[in-house]
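S.K.: Quick one: the structure is below, questions incoming.
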């Protein structure tokens, strides 16, 4: 489990270095990591809580990591912090990234990292059909996010070309 979480953190850092708001490739030959990420899309536009997201698919050795990365658009009010994600009464494999970010993600520095939801292959394919709706809960309260199907289908299509 520790190895998987460290790979997820590494993948997040590489995605933060990606350029532009469009999807692209993740590559770190020195660390044996390669993958793809989707474009950014709106997950929630609550007042002062605009959340954006993108989906990553990365491989390292024989391990494949899939995740929905959630970040907050800076608005000058406060940073959001969530500790869990829930969907239909089931806790999702969520990891907070709020303490890890210097304010740059997905190729620009106007967002704060919030967290990531690890995705199984089944969740990726279900997301490509109907998106993913979840409730983030933590010290900042609760907020509903919806990742549209396009995020998942784009990441799956890019991953198929790897």
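S.K.: What do you reckon, is residue 79 at pLDDT below 90 and either in a helix (DSSP H, G or I) or in contact with a strand residue (DSSP E or B) (Cβ under 9 Å, 6 or more places away or on another chain) (or both)?
M.R.: yes
S.K.: Considering each residue of region 109-130, count those that are more than 14 Å from the chain's Cα centre (by Cα) and surrounded by 14 or more Cβ atoms within 10 Å (Cβ to Cβ), and give that number.
M.R.: 3
S.K.: So in region 53-66, with the set limited to residues that are touching a residue at least 40 places away in the same chain (Cβ under 8 Å) and either touching a helix residue (DSSP H, G or I) at 6+ places or on another chain (Cβ under 6 Å) or not in a strand (DSSP E or B) (or both), which one is surrounded by the fewest Cβ atoms within 10 Å (Cβ to Cβ)?
M.R.: Top of the filtered list is 60.
S.K.: Quick one: residue 89 ticks every box in (1) on the phi < 0 side of the Ramachandran plot; (2) surrounded by fewer than 16 Cβ atoms within 10 Å (Cβ to Cβ); (3) modelled with pLDDT of 85 or more bar one, so which box is it?
M.R.: Of (1) on the phi < 0 side of the Ramachandran plot; (2) surrounded by fewer than 16 Cβ atoms within 10 Å (Cβ to Cβ); (3) modelled with pLDDT of 85 or more, only one is false for residue 89: (1).
S.K.: For residues in region 114-160 being assigned to a loop (DSSP other than H, G, I, E, B) and touching a residue at least 60 places away in the same chain (Cβ under 8 Å), which is farthest from residue 53 (Cα to Cα)?
M.R.: 140
Conditions (1) more than 13 Å from residue 159 (Cα to Cα); (2) modelled with pLDDT of 90 or more, marked per residue:
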site: 35; (1), (2): no, yes
site: 40; (1), (2): yes, yes
site: 44; (1), (2): yes, yes
site: 48; (1), (2): yes, no
site: 54; (1), (2): yes, yes
site: 66; (1), (2): no, yes
site: 69; (1), (2): yes, yes
site: 73; (1), (2): yes, no
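The values are calculated or read from the model by the stated rules, or taken from the named source; none is laboratory data. Please read these numbers as outputs of a predicted model, since none were measured by experiment. So basically every Cβ, Gly included, is an ideal-geometry build from the backbone, and we count neighbours across all protein chains shown.
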